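K.L.:
Submitted below is the structure of interest, expressed as structure tokens.
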Amino acid sequence: TAGGAISSPLFCAAEDVNMTEVTQAKFEVTSNGTLVQQYPDGNLCESTNATLDICTIENLLVVPTVNYRIRRMKQMHEDGVPRPESSIKASFADLIFGASGGGAGTEKFQSSISLATKSCSLRCEEGYECAPDIDNVLLASQGLGTCQACVRGTFCPEGTINDGGLLVASSKVNLCPAGYFCPTPTEAYNCPAGYFCPAGSYQPFSCSGLEVGDVKLLGNFCPENSDGPWGLCPPGYYCPSPEYFAECPEGYYCKVQSIYPKPCPVLTECPAGSKTPQISWLSWITIFALFGGLAIALLVIALAIHLNQKKILVHARLSEKRASLLKAIGVKLGLSADQMSYASNLTGFSDNIMRVDIVIKSLSVNVVQKSRSNTVLNKVSITFKAGTLNTILGSSGAGKTTFLKALI
């Protein structure tokens with residue numbers, strides 16, 4: 001190579017092909033005329049084994065030989081052979097042809113045509129084609145030419161014509177049809193599975209081991225009569241090798257270009273022939289159950305938080321009222337800060353409290369003010385019975401508060 005270009009030819013023959021395993025092509029006439037037989041059969045013209053030097057180039061019949069492969073692939077598809085995925089043609093093939101600067105064998109993949117005469121006389125025998133003789137103007141003026149041996153890679157049954165590019169502006173006519181290979185110009189064989197045969201092939205080319213630089217083609221599928229190696233293993237199938245295909249088994253899925261089936265993930269189902277995993281009905285039930293359970297759990301948590309906050313708020317309000325009451329009593333009784341703190345920590349009474357009477361005898365309280373002693377309480381005696389509610393009454397300054405403070 002020079003300058004990164006790939007030298008032509010791009011492909012070369014790989015391993016030998018066992019000719020006993022390939023089938024000879026049969027080009028038949030269709031009723032609708034879309035696929036005509038390349039040359040008139042014995043029902044129209046009697047075959048001749050005579051070797052002629054002069055032949056006719058008139059009554060020209062143009063045959064699009066690409067139709068042979070199209071019809072053959074359609075028949076195979078009806079017989080259960082899947083069609084290869086063709087998206088590779090826009091990637092791998094373009095990369096190769098782009099690296100080769102274009103024209104590195106691309107013309108070998110173009111559809112070709114063949115030319116024949118409808119005349120039953122002056123036809124070249126098989127293996128030869130009738131071509132105009134540019135050195136003999138007289139023959140050419142009469143619509144005649146000379147029979148010339150067909151080159152390798154062509155298919156020339158009896159009656160083949162090569163007009164030298166006068167009709168189709170190309171001398172490359174009568175090539176062995178795409179999807180077939182022609183060991184000799186008189187034989188055409190179906191390209192075997194695992195191989196490809198571009199137009200003009202005299203032997204098949206292997207579809208395996210195609211690699212250009214860092215680009216390696218894997219997972220390609222070449223059924224019988226393939227004209228190129230670019231077809232990918234179709235989705236729903238896996239292709240361990242280019243000639244083999246198998247339907248994806250149940251419990252597995254096979255994307256395009258699969259060389260082996262992949263197991264279905266958890267909570268999915270894959271019937272036979274699956275392209276991608278499908279979420280099963282059990283998975284949908286599980287998903288809805290999980291989301292439903294999560295929603296219920298969130299609702300329960302929100303309700304619990306709401307009730308707890310309400311309980312805390314009620315407790316705070318009660319604590320606030322109790323603190324206000326204790327503060328008022330403490331101020332009234334003149335309690336110290338330590339006494340107030342202790343009282344604020346009292347939450348209630350025990351069920352096991354001992355019931356006692358409070359007995360006061362001869363309680364006297366003297367208040368000294370400015371060196372003068374005043375008797376506020378003088379020998380007060382009183383009994384507070386257990387379980388009773390007692391009330392201290394008296395006019396202002398009678399000594400009610402002094403009495404309570406003296407008790408504490």
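The values are calculated or read from the model by the stated rules, or taken from the named source; none is laboratory data. Note that the coordinates shown come from a computational prediction; the quantities given were computed from them, not determined experimentally. Every residue, glycine as well, gets a Cβ built from its backbone with ideal geometry; the counts of neighbours run over all protein chains shown. The area values use the complete protein model at the heavy-atom level, side chains included, leaving out ligands, DNA and RNA. Shrake-Rupley method; radii C 1.70, N 1.55, O 1.52, S 1.80 Å.
K.L.:
Length gain on complete extension for the stretch A386 to T402, per 0.36 nm per residue less the alpha carbon to alpha carbon distance? Please list the in-between numbers first.
P.N.:
Values: separation 16, 0.36 × 16 = 5.76 nm, distance 2.25 nm.
Here the answer is 3.5 nm.
K.L.:
Given a 1.4 angstrom probe, what's the average accessible area per residue across region 263-318, in square angstrom? List each step's numbers first, then the result.
P.N.:
On the way: 4610 Å² over 56 residues.
For region 263-318, the solvent-accessible area averages 82 Å² per residue.
K.L.:
Okay, moving on. Rounded, prolate or oblate, given the Cα gyration tensor of region 245-297, with a/c below 1.5 counting as rounded?
P.N.:
Prolate is the answer for region 245-297, as a/c is 1.5 or above and a/b outweighs b/c.
K.L.:
Using a 1.4 Å probe on the protein heavy atoms, what percent of the accessible area of region 141-198 belongs to carbon and sulfur?
P.N.:
Using a 1.4 Å probe with all protein chains present, region 141-198 comes out at 56 percent carbon and sulfur.
K.L.:
Choose one of P242, C270, I296: the residue whose Cα lies farthest towards the positive end of the charge dipole of region 239-317 (beta-carbon charges +1 Lys, Arg; -1 Asp, Glu; about the Cα centre).
P.N.:
I296
K.L.:
Report the extension gain between C120 and V215 in nm, rounded to one decimal, defined as 0.36 nm multiplied by the number of residues separating them, less their alpha carbon distance.
P.N.:
That works out to 29.0 nm of additional length.
K.L.:
Within region 277-321, what residues put their amide N at less than 11 Å from the label point 7 Å along the Cα-to-Cβ vector of L267?
P.N.:
So the set is 279-280, 282-291.
K.L.:
Give a residue-ordered list of calculated ³J(HN,Hα) values for region 133-138 (Karplus: 6.51 cos²θ - 1.76 cosθ + 1.60, θ = phi - 60°; whole Hz; x for Gly, Pro).
P.N.:
9, 5, 8, 10, 5, 5
K.L.:
Let me ask another. Apply 1/(1 + (r/R0)^6) to the Cβ-Cβ distance of S364 and L313, taking R0 = 45 Å, and write down the FRET efficiency to the nearest 0.05.
P.N.:
Once the sixth-power term is evaluated, E becomes 0.35.
K.L.:
For region 222-294, what is the charge dipole size about the Cα centre, in debye to the nearest 20, if Lys and Arg each add +1 at the Cβ and Asp and Glu each add -1 at the Cβ? Please report the intermediate quantities before stating the final value.
P.N.:
Numbers: 3 positive and 6 negative charges, 71 e Å.
With only Lys, Arg, Asp and Glu charged at Cβ, the dipole is about 340 debye.
K.L.:
Under the 0.36 nm per residue contour assumption, what length would be gained going from the current alpha-carbon distance of L294 and A140 to full extension?
P.N.:
Net length gain for the segment: 46.3 nm.
K.L.:
Tell me the net charge near G127. Cut-off is 15 Å between Cβ atoms, G127 excluded, with +1 for each Lys or Arg and -1 for each Asp or Glu. The partial results should precede the final answer.
P.N.:
On the way: positive: R123, R152; negative: D53, E125, E126, E129, E158, E187.
Computed value for this residue: -4.
K.L.:
Find the accessible area per residue for region 210-251; the probe is 1.4 Å, ligands and nucleic acids are left out, and the unit is Å².
P.N.:
Details: 1730 Å² over 42 residues.
Computed with neighbouring chains in place, this is 41 Å² per residue.
K.L.:
With a 10 Å radius around each residue's Cβ, average the other Cβ atoms per peptide and rank 385-392, 60-67, highest first. Intermediate values should be presented prior to the final figure.
P.N.:
Numbers: 385-392: 8.4, 60-67: 17.5.
Going from most to least packed, we get 60-67, 385-392.
K.L.:
Using a 1.4 Å probe over the heavy atoms of the protein chains, calculate the carbon and sulfur portion of the accessible area of region 278-385 as a whole percent.
P.N.:
Roughly 64 percent, rounded to a whole number.
K.L.:
Something else: From the C-alpha gyration tensor of region 141-244, pull out the three semi-axes of the equivalent ellipsoid (sqrt of 5λ each), sorted largest to smallest, in whole Å.
P.N.:
Its equivalent ellipsoid spans semi-axes of 35, 14, 11 Å.
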